[in-house]
Amino acid sequence: MLESVVNQIRTKVLKSYRGAFFFAEDFSQFGSSDNVRKVLSRLEKDNLLVRLAQGIYLKPNRDPLLGIIYPNIEEIAKEIAKRDKARISATGVMASYLLGLTTQVPLKAVYLTDGSQREVKIGNRSIKFKRTVPKSFAIKDELLHLIVQAFKEKGQRNITKEFLDTIKTSVKKVDKQVIDFQLKYAPVWIQKAIENLH
């Protein structure tokens, strides 16, 4: 019985592209969750899969010099959101990092979500999904949303000329129409700061 589960799961993994993500529940049609877990563990030992977190696996891309190419936190968060059919948006330090305002990868990446609230451990890092109100997704443009979150993370009193000079490059990339229609959903002090930079 377990051998047929092994073969079905192995075939599905082998047919997929390198860099593909898998969740344990992707294989639920092949057997019980206990059997699926055993098979995934076996495929991990065979180096066909890499376990990123509980129930989350990767068919690794391998580089001759660097070895396994791991996805970044942002890619993993987006895959989890896709599976949960949820919207997510980076907040806090993660938003600043994605904009290039800081080079330090946050140990805890925090995302707002309209899906379920949870924390996923990825090695020594973690992804925290914080449940929020739909209004938090009023700014649809991803870049503008990150900029607004970076301003919030900095705080009105801590805005420096250096911060404004650095974020200006990102602000300039946002389409004028997007600014006109979506900026109104940001706090007034952030609206003013962004309008001055655009």
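The values are calculated or read from the model by the stated rules, or taken from the named source; none is laboratory data. Keep in mind that what you see is a predicted model, and the values were worked out from it rather than measured. Counting neighbours? That spans all protein chains shown, and the Cβs are built from the backbone with ideal geometry, glycine included.
If the condition is being β-branched (Val, Ile, Thr) and surrounded by 15 or more Cβ atoms within 10 Å (Cβ to Cβ), then the range 126-172 contributes ILE127, THR132, ILE139, ILE147, VAL148, ILE159, THR166, ILE167, VAL171.
Within the range 44-56, residues that are outside the structural domain of GLU79 (by TED's automatic domain parsing) reach partners that are of a type in the set (A, V, I, L, M) with beta carbons closer than 6 Å, at six or more positions or on different chains, in the pairs LEU48/VAL13; LEU49/LEU43; VAL50/LEU58; LEU52/LEU58; LEU52/ILE122; ALA53/VAL120; ALA53/ILE122; GLY55/ALA24. Being buried (at least 17 other Cβ atoms within 10 Å of the Cβ), within 23 Å of the chain's Cα centre (by Cα) and either of a type outside the set (Lys, Arg) or not assigned by TED's automatic domain parsing to the domain that holds ARG18 (or both) is a condition met by no residue of the range 31-39.
Number of residues in the range 117-153 that are more than 21 Å from LEU197 (Cα to Cα) and in contact with a helix residue (DSSP H, G or I) (Cβ under 7 Å, 6 or more places away or on another chain): the value is 5. Set side by side, the residues TYR17, TYR70, TYR97 differ, and just one is within 26 Å of LEU146 (Cα to Cα), out of contact with any helix residue (DSSP H, G or I) (no Cβ under 8 Å at 6 or more places or on another chain), surrounded by fewer than 19 Cβ atoms within 10 Å (Cβ to Cβ) and not acidic (Asp, Glu), which is TYR70.
Mind listing whichever residues of the range 68-83 are farther than 21 Å from VAL105 by Cα and either part of a strand (DSSP E or B) or touching a Phe, Trp or Tyr at 6+ places or on another chain (Cβ under 6 Å) (or both)?
Selection gives ARG83 alone.
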